[in-house]
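These notes concern the structure reproduced below.
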C-alpha cells in the first residue's frame with residue numbers, strides 16, 4: 001500500500017521539552033544538560049484512512065514557507081512507528097539554526113514498500129518555543145534582542161528581559177542586577193569598594209569632595225596625601241612632595257638666597273646677589289635650572305602656572321614659566337619692591353620706598369593699580385579675600401580688600417614687622433626688632449597673642465597645623481603650634497635664615513648667609 005497520493009501531514013505539536021529562565025545563573029544549571037533535541041508529532045493518512053506501519057522520516061529546516069534556503073543539515077529518522085496515523089519523533093538540529101530567524105519544517109517520508117521519499121506540503125511553521133534553546137548557554141541579564149520574548153510590548157529602548165520565576169517583563173537594568181563588591185567594575189556608593197582599581201584617560205570634573213585615602217600621584221612623581229581646603233591659594237598649598245630633611249646649595253655663598261616659593265613640584269629661590277632664581281626639585285633637591293631675572297631679586301610667588309620674582313634693584317617683576325623657566329614678561333611696579341603675593345587673579349607687590357602696593361593682573365595685558373598703604377611696606381599675604389601688608393615704618397599691618405584695594409583697617413603689631421603668613425583663620429606677623437610674632441584674627445584684626453621666638457624673626461610659613469619662623473639673627477627656625485602659639489621646637493639651619501616655604505610635607509628655609517636652602 002502506497003500512502004504517496006493523498007498523504008497529508010498535520011503537525012499536532014512542535015516544541016522543546018524544557019524551559020530555562022533567562023536569568024538562571026550558569027552555576028545553577030543541571031549537571032546533565034537536556035540537549036537540543038525537541039519532540040515533533042504528526043499524523044499520516046493513506047487513501048483517507050489513518051496509516052499504520054513503519055516509515056523513514058526526513059525533516060529539513062528552511063527560511064521560507066516555500067522556496068527559500070535550507071538552514072543546516074536535514075535530520076533522517078529510520079524505523080519510525082506510525083500507529084493509527086500518529087507518529088512522534090525527536091529531531092536534533094543542534095543550536096546553530098536557532099538564531100532568531102523564522103524557520104519552517106519540511107517533512108519527507110518513505111513508508112511500507114515505497115522506494116523513495118515523498119516530500120509533503122505545505123511546510124510547517126516552527127513556533128517560538130525552540131528559541132528557548134539559547135537560554136541554556138546564557139547567564140546574567142540578556143537583552144531583548146536575544147530571541148523572542150512572548151511579550152505584547154518590547155518596552156522602552158535598552159530594556160532587558162526579566163523573569164520573576166512565573167512570568168516575564170521588560171524593564172531597565174537595575175542596580176540590584178549587578179553583584180556588589182565585584183573587582184570587575186567601579187560602583188557608585190558611599191562605602192569603600194575593596195580591590196577595585198581604575199585607570200581613566202582624559203579630563204573630568206568632580207562636583208563634590210574627592211577623598212583619596214591612599215594619596216594622589218601626579219605626573220611629576222609627587223604624591224599628595226593630604227586633603228586641602230578651598231583656601232589653597234591663600235595658604236600657598238600647591239601639592240606636596242615628600243623627603244626627609246636635607247640641605248642644598250644654590251650656588252656659592254655669595255648668592256644671598258632670600259625669597260622662596262613652592263610650585264607644586266619644585267621650590268624656586270631668589271638669589272639676590274647674582275640676579276638669578278634657582279629651581280630645585282622638591283622630591284630630592286636636584287637643581288633643575290638657574291634663570292636670569294632682574295637686579296637684586298628678593299621674593300618669589302607662584303600663580304598656579306608661572307613664577308613671579310620681585311626685582312628690588314630694577315623696580316620691576318619678572319614672570320617665568322614654571323614648567324621650564326622660560327621668560328614670559330617683565331612689568332614695572334613701584335620703587336623699592338620687596339614682598340609679593342598672588343590672590344588667584346592678580347599679583348600684589350609691596351613697594352618699600354614709595355609706601356604703596358601695586359596690584360598687577362597676572363595675565364596680559366598686565367594692567368596695574370597702585371594703592372597707598374603707609375611708610376615702608378615690606379611683606380604681603382592674601383587671606384582668601386583681603387591683602388595684608390606689614391608696615392615697617394609704623395609697626396603696623398594694613399588690611400586691604402583685594403577686589404578694589406580699599407583699606408579696611410590698620411592694626412598695631414610689634415617692632416619692625418617683616419614676614420607675614422595666613423593660617424586659614426588668622427594672620428601672623430614676624431616682628432624683627434622685638435623678637436616675637438603677633439597673631440591677629442583675620443576677620444576683624446583682634447589681637448589673639450604675641451609669642452617670643454628667636455633673634456630677628458624674618459620670614460614665616462604655615463604647614464597646616466604649625467607656624468614656622470625664620471630667625472635671621474640666630475641661625476634657627478622656630479615651630480609654634482598655630483592654635484595657641486606654644487613653641488614646639490627650635491631647629492638649627494644655615495646662617496641668616498631669611499624666608500620659609502612649605503611643600504605639603506617639608507619646610508624649606510633660605511639661608512641668606514650660607515648660600516643654601518635647608519629642608520626640614
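The values are calculated or read from the model by the stated rules, or taken from the named source; none is laboratory data. Since the model is a prediction, treat every value here as computed from it, not as a measurement. FYI the Cβ positions are ideal-geometry reconstructions off the backbone, even for glycines, and counts take in every protein chain you see.
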Going residue by residue through the stretch 369-384, is there one that turns out to be at pLDDT below 95, assigned to a loop (DSSP other than H, G, I, E, B), buried (at least 20 other Cβ atoms within 10 Å of the Cβ) and under 37 Å from the mean Cα position of the chain (by Cα)? yes
For the condition under 15 Å from residue 436 (Cα atoms), in the same structural domain as residue 265 (by TED's automatic domain parsing) and at pLDDT 90 or above, what is the one hit in 476, 510? 476
Among strands (runs of 3 or more DSSP E) completely within the stretch 421-515, the ones holding 2 or more residues that are touching a residue at least 40 places away in the same chain (Cβ under 8 Å) and either on the phi < 0 side of the Ramachandran plot or touching a strand residue (DSSP E or B) at 6+ places or on another chain (Cβ under 7 Å) (or both) are 426-431, 436-441, 457-462, 466-471, 476-481, 497-502, 507-511
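A quick yes/no check of all residues on (1) within 39 Å of the chain's Cα centre (by Cα); (2) surrounded by fewer than 20 Cβ atoms within 10 Å (Cβ to Cβ); (3) not assigned by TED's automatic domain parsing to the domain that holds residue 266:
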position: 442; (1), (2), (3): yes, no, no
position: 455; (1), (2), (3): no, yes, no
position: 465; (1), (2), (3): yes, yes, no
position: 470; (1), (2), (3): yes, no, no
position: 487; (1), (2), (3): no, yes, no
position: 490; (1), (2), (3): no, yes, no
position: 498; (1), (2), (3): yes, no, no
Out of the strands (runs of 3 or more DSSP E) lying entirely within the stretch 39-117, which hold 2 or more residues that are more than 21 Å from residue 127 (Cβ to Cβ) and assigned by TED's automatic domain parsing to the domain that holds residue 127? 53-62, 70-82, 104-111
